[in-house]
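Trainee: Got a structure here, written out as structure tokens. Questions coming.
The values are calculated or read from the model by the stated rules, or taken from the named source; none is laboratory data. What you see is a predicted model, and the numbers here were worked out from it, not measured in a lab. Glycine gets a Cβ as well: all are built from the backbone with ideal geometry, and neighbour counts include every protein chain shown.
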Amino acid sequence: MSQRAQPAHIVVLGGGITGLVAAWRLVRSGVHVSLLERSDRLGGVIETQAHEGAILEQGPFSVLVRSPVFAELIEDVGLDPIMARGKGSRGRYILKNDRLLEVPGGPAGLLTTPLLSMRGRLRLLGGLVRSRPASGDDECSIHEFASRRLGEEAADVLAGAATMGIFAAEATELGFTACMPRFAEADRTRRSVIGMMKAIARPRPRPRPRSQRPAIRGTVSFDGGLRSLIEAIEKRIMGEAGPRKDAEGRAEIRRGVKVQQVDRAEGGFHVIAEGEGAFEADGVLSALPRRATAAIFKNLLPEIALDLDQMDDAGLVVVHVAIHHRALDSVPEGFGFLVPPAERRCPLLGVIYASSVFPHHLPDGSGLVLLRAMLGGTRSPDSVEWDDDRIRRAILQTLDQHFGLRGEPAWVTIRRWPGAIPVYRVGHAARMRRIAERAGKVPGLVLAGNWTGGLGINDRVEQAAEQARRLSAAVSLNTPA
């Protein structure tokens, strides 16, 4: 089939990290792009704020670099990452019986860790060297996987704490395949957890090296926080970062545009926006949240909209607390702590020791310690509705219990995120396969976003790059995406 004479026009819905990366990839491929964002800012759940000279990450705190596509993105947009080092890059703790216990970093530590009983430690170590692979194709929960491989106790304490910190949901609720697809694949064939880790650690094909600077690895942020990444991508899209010899397409970014509906049209789509009329498009890449996707596509894709409406989301409250060193009996060092489900007396999901991980989050010489606490998730869904005083009391009581507060904090900020995190419940993987099959029947349409393909920034960047590649090729050749 012959290629079109004029560059295709693709409308990207949503200006979060997925939409931005997709838009930039599309522009670089020679496509004309209109990115439509409902709010007055870009970044979606990536939201960095300045307060009293401090950097506050109200959404994701950092990125644990594990994707060569993400590492390539950092280099392409010209950013120099700041890597967490020393104790701040390690030092992870779990709350157990009102004590903060360090997560062991290797087999020797597993033999003695008080996080587990002797029986629990032996069961975990045995599972590392030999354990039962998955049988059948039915998706299990993360807790069921961890129990089968590492024992019930490790599943309760270690997996239970980690999943709430990563997914804002309990390990018993979350689908293993949806949340950890590469682990799930290895789980079907490997007879030990060590074997699984080796299979997963096999290097993916790496992009062609573009510079001689050190490899980007570990936990990273940027000088101005994660918003620096959003701003850098926007500048690249709009050509404000200097000549782009690799980019042939045109782009526009429209903020404050509320898309109401997407309809099929001859040769493409009508994207109807409130007060804006219709945008004519050869292709559409939607990177919207779950609810917005269901509402906008309810006429074009009613079965997909119904599937999306049957999912649910978790809310989160992010609280930053700045405390003077002298007002603490014990200054927290390390990355932070998480709370497993058994510790019901603690209302928090966890605390990140923000200024220990990234000292640049506080101005030099401030004399402060910056902590970032989280409440909510499926464990405490009503906490998003708590008033500020109740949230403040819950946080400060927990911090006082573990670090000894002497006096009031210098300041406290509270950011609520109602329904911001999709919950990948057991059965989510099958739902996503069903949605992908149905969406694939509409040429020129791609559905993306954090409700499919992973919550983390690595996952978002990888999905955006791949979907942009597929859509660009499809609309350029007039073939299904």
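Trainee: Just to be sure I understand the filter: pairs with C-beta atoms under 6 Å, separated by 6 or more residues or on different chains, first member in region 30-52 and within 30 Å of ALA322 (Cβ to Cβ) and outside any strand (DSSP E or B), second member of a type in the set (S, T, N, Q) and modelled with pLDDT of 95 or more. Which pairs pass?
Mentor: GLU47/GLN58
Trainee: I'd like the residue in region 413-428 that is in contact with a helix residue (DSSP H, G or I) (Cβ under 6 Å, 6 or more places away or on another chain) and surrounded by 19 or more Cβ atoms within 10 Å (Cβ to Cβ) and, out of all such residues, is nearest to PHE337 (Cα to Cα).
Mentor: So the residue we want is ARG416.
Trainee: If you don't mind, another one. Does SER89 satisfy the criteria of being small (Gly, Ala, Ser) and not assigned by TED's automatic domain parsing to the domain that holds LEU375?
Mentor: No.
Trainee: More than 30 Å from LEU371 (Cα to Cα) and assigned by TED's automatic domain parsing to the domain that holds SER366 - does that describe any residue in region 15-25?
Mentor: no
Trainee: Looking at GLY195, GLY127, which one is more than 30 Å from GLY315 (Cα to Cα) and without any contact (Cβ under 8 Å) to a residue 60 or more places away in the chain?
Mentor: Exactly one of GLY195, GLY127 is more than 30 Å from GLY315 (Cα to Cα) and without any contact (Cβ under 8 Å) to a residue 60 or more places away in the chain, namely GLY195.
Trainee: Restricting the search to region 227-280, which residues are aliphatic (A, V, I, L, M) and modelled with pLDDT under 85?
Mentor: ALA241, ALA247
Trainee: Still on this structure, I have one more. Strands (runs of 3 or more DSSP E) wholly in region 263-302 with at least 1 residues that are free of Cβ contacts under 8 Å to residues at least 12 places away in the same chain and touching a His at 6+ places or on another chain (Cβ under 9 Å) - which ones?
Mentor: Hits in region 263-302: 277-281.
Trainee: If you don't mind, another one. Somewhere in region 128-141, is a residue over 25 Å from TYR424 (Cβ atoms) and not in a loop (DSSP other than H, G, I, E, B)?
Mentor: yes
Trainee: Within region 86-109, does at least one residue satisfy the condition of being under 21 Å from the mean Cα position of the chain (by Cα), assigned to a loop (DSSP other than H, G, I, E, B) and buried (at least 19 other Cβ atoms within 10 Å of the Cβ)?
Mentor: No, region 86-109 contains no residue that is under 21 Å from the mean Cα position of the chain (by Cα), assigned to a loop (DSSP other than H, G, I, E, B) and buried (at least 19 other Cβ atoms within 10 Å of the Cβ).
Trainee: Would a scan of region 441-457 turn up a residue that is assigned to a loop (DSSP other than H, G, I, E, B), of a type in the set (D, E, K, R), surrounded by fewer than 18 Cβ atoms within 10 Å (Cβ to Cβ) and over 17 Å from the mean Cα position of the chain (by Cα)?
Mentor: Looking for residues that are assigned to a loop (DSSP other than H, G, I, E, B), of a type in the set (D, E, K, R), surrounded by fewer than 18 Cβ atoms within 10 Å (Cβ to Cβ) and over 17 Å from the mean Cα position of the chain (by Cα), one finds at least one in region 441-457, hence yes.
Trainee: Scan ILE435, ILE414 and give me the residue that is assigned to a strand (DSSP E or B) and in contact with an Asp or Glu (Cβ under 9 Å, 6 or more places away or on another chain).
Mentor: None of the other options fit; the residue is ILE414.
Trainee: List every residue pair whose Cβ atoms lie under 6 Å apart, where the two residues are 6 or more positions apart in sequence or sit on different chains, the first residue falls within region 321-342 and is surrounded by fewer than 20 Cβ atoms within 10 Å (Cβ to Cβ), and the second residue, located anywhere, is in a helix (DSSP H, G or I) and of a type in the set (Gly, Ala, Ser).
Mentor: Note: pairs meeting the criteria are GLU333/SER356; PRO341/GLY160.
Trainee: Then there is this: Answer with yes or no whether ALA71 is of a type in the set (Gly, Ala, Ser), within 24 Å of the chain's Cα centre (by Cα) and assigned to a helix (DSSP H, G or I).
Mentor: So ALA71 fits the description; yes.
Trainee: Tell me, which residue of region 197-220 that is modelled with pLDDT of 75 or more and farther than 18 Å from GLU462 by Cα is surrounded by the most Cβ atoms within 10 Å (Cβ to Cβ)?
Mentor: This residue is ALA199.
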